[in-house]
Every structure is written in structure tokens, then in C-alpha cells.
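Here's the structure, in C-alpha cells; my notes come after.
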Amino acid sequence: MRRSLIATLSLLFAGTALADPPRIAIIIDDLGYHLANGERAIGLPGTISFSFLPGSPRARYLANQAHAAGKEVLLHLPLQAASTSADIEPSEINLDMSRARVESAFSEALAAVPHVVGINSHRGSLLTRHPGHMTWLMQEIAKREQFFFIDSYTTHHSVALQIAAESGVDATRRDVFLDPDRSPETVAREFERMKEVARRRGQVVAIGHPYPSTLELLERELPRLIEEGFELVRVSEVVR
């Protein structure tokens, strides 16, 4: 009886030891305007992914830096927001566009950022609600077989993941925004929430921005994640 109990406990402990650690994928997006903050972000430790705005003046330079550092490069593709006060971004895809114009805007955005392996949406609280335009976009992404799509999920009405699945595009959505405002207290709170989601679900996708408060926390806390039992991974690893 004692041997049987010991054997059972050994199997249980072995199974626990072999269990995969919770995986955390972090994207820093809105990159390409501020050189110093962009370079500081690229210097973050670990397998962070970086997403660049196609119309920004330093996107190409910083994307080359990120790629040279072995980091994953994404295109931060502007999609139309619901707010009528939002400025139109360069290469933005909006509901007034024909299918041909969507195709050319997407190609134009891709040409502005080198080394792209995937797309994540910038804004998009209006466009991601519309199956027609999202189908056109996903068909363009699907033509580049290696690309995946991350829905930044700026509206609960987004149909992006449904359309991606129908179009054969690997996709997932953002779970946590690390910095819905820039206060250090908010960033610290959302970082802890990110870890809680990872523990509960097994993985999490978090998006942050190159704000000083965000970068300061990540510089301090990222090295501790492994000690706490997490695995920091590229976002492509949680999509595919």
C-alpha cells in the first residue's frame, strides 16, 4: 500500500514538473515616431515583438534595428476608428475604399516596414466590425502565407478572428493592454493582470507602448518572469 502511494505521488509530481509554463507574448506597438524611446524598447530583454506604423518617419530604421537584434517585426496596420475626431493615418484602410484600394493600401504599408512576419491592427474600432472589408484585408494577408494577424481588439464587436479563420489566416487577439493610461500605477496593475491571465489560460497576449513608464517597468520586471515560472515567447508562437 505504501509503495503504491509513493508511486502515485511520484507520478503526480512528475506530471507537475513536466507541465508547460504559462506563456507570455508582449508586443510593443506604435513604434516609428520617437527614436530614443524606440531604441530603448528594442533594447528590452527577452523575446519581445515590435510593431511599426507604416507612415512613421523612423519605422524602417527601427525595424532594421529590431531585426538585427533578433526581434520579431510586425506591421502596425492603421484601420479606421469609430471616432470621427481621429486623424487619418498614412496607409489607413477605411470603409470608403474599394477592394482594389484596400489591396494597394496594404501593399503600400508593407513596403514601408521591412522584415514583417505578421500584422497587428492600429485603432480599427470601426473597420474590424465590418465583414466585407475585413474579408478583403484577410485575403490580402492570406496571399502572404507566412503572415499572421493580431487583433488589437479595440471593440468587442470585432469580427476579425472569425474572418481570419474563414480566410485561412492564423490569428489571435490581444488579452491585456499594459498601459491604457501612462501612470506607473496603471502599468504595474496591468502587468500583474497579464500574469494572472497567463496562469489561468496558459498563455496571454499583451500590448504595450513605448511610454517611459511602460519601458521602465518592463526593464525591471521582465528578467523576473522566468524566476516566477513564466515563459516569454514571440507572439508568433501563441498564434500558430
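Rule-based calculations on the coordinates, nothing more; no lab input. Only a predicted model underlies this, so the values are computations on that prediction, with no experimental measurement involved. Don't worry about glycine lacking a Cβ; one is built from the backbone with ideal geometry, like all the others, and counts go over all protein chains shown.
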- prompt: Taking ALA105, is it part of a helix (DSSP H, G or I) and in contact with a Pro (Cβ under 6 Å, 6 or more places away or on another chain)?
  reply: no
task: Please work out if LEU62 is of a type in the set (A, V, I, L, M), assigned to a loop (DSSP other than H, G, I, E, B) and within 26 Å of GLU219 (Cα to Cα).
output: no
field: From the options GLY46, GLY32, GLY38, GLY70, residue that is small (Gly, Ala, Ser), on the phi > 0 side of the Ramachandran plot and surrounded by 17 or more Cβ atoms within 10 Å (Cβ to Cβ)
entry: GLY32
query: Can you pull out the residues in segment 65-81 that are closer than 18 Å to ARG123 by Cα and either in a loop (DSSP other than H, G, I, E, B) or without any contact (Cβ under 8 Å) to a residue 12 or more places away in the chain (or both)?
result: GLN80, ALA81
statement: Scanning segment 198-210 residue by residue, the ones that are surrounded by 18 or more Cβ atoms within 10 Å (Cβ to Cβ) and free of Cβ contacts under 8 Å to residues at least 60 places away in the same chain total 0
query: Filter segment 108-135 for residues that are among the hydrophobic types (A, V, I, L, M, F, W, C) and in a strand (DSSP E or B); which is farthest from GLY32 (Cα to Cα)?
result: VAL117
